[in-house]
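Take a look at the structure below.
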Amino acid sequence: MSQSDWAYLSNDLIYVALALYALSFLSYTYETAFSLRANKISGDKHLDRSITTKSRKVASIVFLLATASLTLAVIARGISAERIPLGNMYEYSITGAMTFALAYLIIGLKFDLSWLGLPSSILILLILGSAITLLYRPSAPLVPALQSSWLVIHVSSAILSGGIFLLSNTVAGAYLWLDRIERKGERSEFAKRLPSLESLDQLSYRLVAFVFPLWTFAVISGAIWAEAAWGRYWGWDPKETWAFITWILYASYLHARVTAGWKGRKAAWLCLIAGSSYLLNYVYINVWGSGRHTYSGL
Amino acid sequence: MSAPELGTTSLLRYLWRQLTSMRTALILLLLLGIASIPGSIFPQRTQSPLKVREYFDDDPNGAKWLDRFYLFDVYGSPWFSAIYLLLFISLVGCVLPRSFHYFKEIFKAPPEAPSLLNTMEGFQLSPASLERAEAWLKKNRFRISKTSDSIAAEKGYLRETGNLLFHLSLIVVLLGIAGSSVFGMRGEAIVNVGERFINTPTNYDNLTPGRFFSLGSLPTFTIRVNNFSATYDRKTTQALDYELKVTTKDSLDSSEVNQIVKVNKPLTFGSTRVYLQANGYSPLVTVRDSAGLVKFEGPVPFLPQDSNLSSIGAIKVPDMDPQIGFVSSFFPTAARDEVRGGFSSFPELLDPRLLLSVWKGDLKMDDGVPQSIYRIDTTDMERIGLWALSIGESYSFEVGSITFNGVVPWVNLQVVRDPGKQYALIGSILAIAGLLISLFIRQRRIWVREVGGNLEIAGLALNKLPGLEDEIGKMIQELGDQK
């Protein structure tokens, strides 16, 4: 197969993944809607997830297939360009979506995350959809500044951290939503499918604690690379500045939890703010920002 | 009656205690994050001086106000420095006493069992004996202290070590950064292909030494630029590769070495490194007066304006009477359209063209005011001609002629001495190690108390990591039913 064949294959696989994630999203919606059963006499609704076991199973199998297709698409993209597929924002986006999906699946082996399937499939659809429509660039070689083995180390650790930050943000968001419901009274039947507030709080903390050293490493490896390519390891480039801010916010989050004993609502808000600074850095600085991290054509 | 005065010493002590509290350190940390935001919103002098100048042109009044608050020099501003210096002091004041405290703590026995064990984590009962529990805890390398009816055990002391290692390493990183800016230097020089760069202060286009860097200590290396080749994608005009071939000498009398420099492969001379930062073209021109005498000859570096290397430049000939200046543009691959007029459509030399407007009058080079080498102040001058030249062509004007002989590429070499970077790197690596230790080592206590023939067992996960309940479950199982 020629290089352009691989590039076409990668694009086709992205479309397949999009279709499968959409299907998985629909199954999750079906599951969410129909697991509520109305009592025929009183009209009260109650949660009975046993009736939708099948649609839940379909949804997660389709999600798995979609992720497999996405992973193959990323690999094919890499083969077509003869390098790691992290050369422009389209490639960051598909690789980032892949790490998010893989993190969801792997962590799902240990904790029951099926309640997160619906928001996760929406998020991935949004990332992939905007990647293929707005950010798409044909497969091409790297600009000289990116021709370094640090590309693999720096960018993949940053993307992997981003995928897991996004996951912890989703969990923290779910926490805040449930917390509002519980403060008003009892959980609605609809919300009963989600785990307890306590375990959501713990899960989002664990995700951050797990990935914070990796994010630290991403920043430091970026500094080492900048020293080799640009002659300084730290220059307050907008991207560097925001990576620093994200680091500080997550450091404060961990501190607040471990030493000041923050948990629950306050901690979830701080987690969301820190995660938003990562997203802002990713989207804003790449698209509208200036500085040395913007390469021609995104 | 007067209120008791607060003595100066106690006031200072109070301030010191406030500054070095964990709360203050956290607030300062968050403040440092917030303080660095404006630097990503407003253009910074250190990174894009041109954009700062545009800001001043567009809105002089607003820019003046922004400048008063150092918003174009955020990271060198007094208020930013104040925050990080305070953070630094706070960190030192917080971490060092903690280290001493910790070293005393490390030899202490774990605190005695609380009176009500059933309120603690993982509370369970076991029929085993106290001796067996002690043996189990010892076998699992817990540190223990005993009373007649209870045992207190603790494990995972390394976590606090990791925590301290992390914070101490941050101090090392900050010292490294400070060392770089004080003892280091950086400078830039444009060198045409075929020329030689000798590392002395006069050969730099700009040079920023650190406060304690003496210019006399510049290492005496030389770099001869032999060849520079840039390849570009024919379709997208994207750069594919830059390769610079040089011959270097570590000092005036050492032997010559041939080396290749790339964007990610700088040259190294001891603690000084030389980076390939930018490239452009220098048209080679000869200027003659009306008698045919050569008044100027050589390459003139032009400043690229876009990715296709459309460049602007100035050729100044002060030795002619009247003085002559050429305000010029250079296009490596000349093209023309209605909107842009002349421009370059490709960065390689496919159809090079030199556009000139000839000015006569006073170049103002004797005023002593530093001038841009790319621009001419034409306020006191008169335009006497306008022409475009291909290689080999000449143009005659009122008082002489100019010949466009050819083009050589130039490279911008960035010379950096950064003596603190090793410390910053070592500090960073240790910081990650410390972080991993402090986040992933479980520090926990287990208490055992004999109550009515049975053992009450419970614990405390000091850093809230999961696994304590499983551990106590395993302990109960392994202790079994025997006394």
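Taking other C-beta atoms within 10 angstrom as a stand-in for reagent exposure, A:His293, A:His46 fall in the order A:His46, A:His293, fewest first.
Near B:Asp73: Cβ cut-off under 12 Å, other residues only, Lys/Arg at +1 and Asp/Glu at -1. The net charge is +1.
Under the membrane-span-like helix rule (DSSP H runs whose alpha carbons stretch at least 27 Å along the helix axis, mean Kyte-Doolittle hydropathy -0.5 or higher), chain B yields B:78-105, B:158-183, B:421-440. Applying 1/(1 + (r/R0)^6) with r as the Cβ-Cβ distance of B:Val369 and B:Ala278 and R0 = 25 angstrom yields a FRET efficiency of 0.45.
Less than 5 angstrom separates the built amide H of B:Lys295 from those of B:Val287, B:Arg288, B:Asp289, all sequence-distant by 5 or more or on a different chain.
Can you check what the net charge comes to around B:Ala113, using other residues whose Cβ is under 12 Å from the Cβ of B:Ala113 (Lys, Arg +1; Asp, Glu -1)?
Computed value for this residue: -2.
So for the protein assembly as shown, considering every pair of alpha-carbon atoms, how many percent are separated by more than 48 Å?
Of all Cα-Cα pairs in the protein assembly as shown, 37 percent lie more than 48 Å apart.
Students often forget the sequence filter, so: which lysines lie under 27 Å Cα-Cα from B:Lys138 once same-chain residues fewer than 8 apart are removed? Straight-line reach from B:Lys138, under 27 Å: B:Lys104, B:Lys108, B:Lys146, B:Lys155, B:Lys464, B:Lys474, B:Lys483.
Mind checking the mean number of beta-carbon atoms from other chains within 10 Å of the Cβ atoms in A:221-234?
So the per-residue partner count for this stretch is 5.
Partner shielding of B:270-277 amounts to 2, given as the average count of beta-carbon atoms from other chains within 10 Å of each residue beta-carbon. Couplings 3J(HN,Hα) of the range B:356-363, computed from phi: 10, 10, 9, 10, 10, x, 9, 7 Hz, in residue order, whole Hz [Karplus 6.51 cos²θ - 1.76 cosθ + 1.60, θ = phi - 60°; x for Gly and Pro]. Spacing of the modelled spin labels on A:Thr53 and B:Asn405, each 7 Å from Cα toward Cβ, amounts to 9.0 nm.
What is the calculated FRET efficiency for A:Ile181 to B:Leu116, with r their C-beta to C-beta distance and R₀ = 51 Å, to the nearest 0.05? My answer for the efficiency is 0.90.
Which residues does a label at B:Asn454 reach in the range B:131-151, if reach means a backbone N under 20 Å from a point 7 Å past the Cα toward the Cβ? Under cut-off, by backbone N: B:131-134, B:149-151. For the range B:52-145, the list of chymotrypsin sites (Phe, Trp or Tyr not before Pro) that fall in a loop by DSSP and count at most 13 other C-beta atoms within 10 angstrom reads B:Phe69, B:Phe107.
Would you compute, from DSSP H runs of 4+ residues alone, the mean residue ellipticity of chain B at 222 nm, taking -39500 (n - 2.57) per run and dividing by the full residue count, rounded to the nearest 500?
Dividing the helical sum by the residues of chain B leaves -10000 deg cm²/dmol.
Annotation for the range B:340-401 versus the range B:184-212: alpha-carbon center distance of 27 Å. With the simple model of a label 7 Å out from the Cα in the direction of the Cβ, B:Ser99 to B:Leu252 spans 4.6 nm. Sites listed here are GluC sites (Glu not before Pro) in the range B:387-458 whose DSSP assignment is loop and whose Cβ has at most 10 other Cβ atoms within 10 Å, and the list is empty.
Taking every DSSP helix (H) stretch of at least 4 residues in chain A, weighting each as -39,500 (n - 2.57) and dividing the sum by the residue count yields a mean residue ellipticity at 222 nm of -23500 deg cm²/dmol.
Computed from label points 7 Å out along Cα-Cβ, the spacing between A:Phe34 and A:Tyr8 is 3.9 nm.
Loop-located chymotrypsin sites (Phe, Trp or Tyr not before Pro) in the range B:172-269 (DSSP state not H, G, I, E or B) with no more than 16 neighbouring Cβ atoms inside 10 Å: B:Phe212. The order of the peptides A:23-31, A:159-167 by mean Cβ neighbours within 10 Å, most packed first, is A:159-167, A:23-31.
Remark: mean inter-chain Cβ contacts per residue of B:70-77 equal 1, using a 10 Å Cβ-Cβ cutoff to other protein chain atoms.
Since every read-out is calculated from the coordinates, none of them should be taken as a lab result. Everything quoted here is computed from the prediction, not taken from an experiment. Note that each Cβ is placed from the backbone with ideal geometry, even for glycine, and that neighbours are counted across all protein chains shown.
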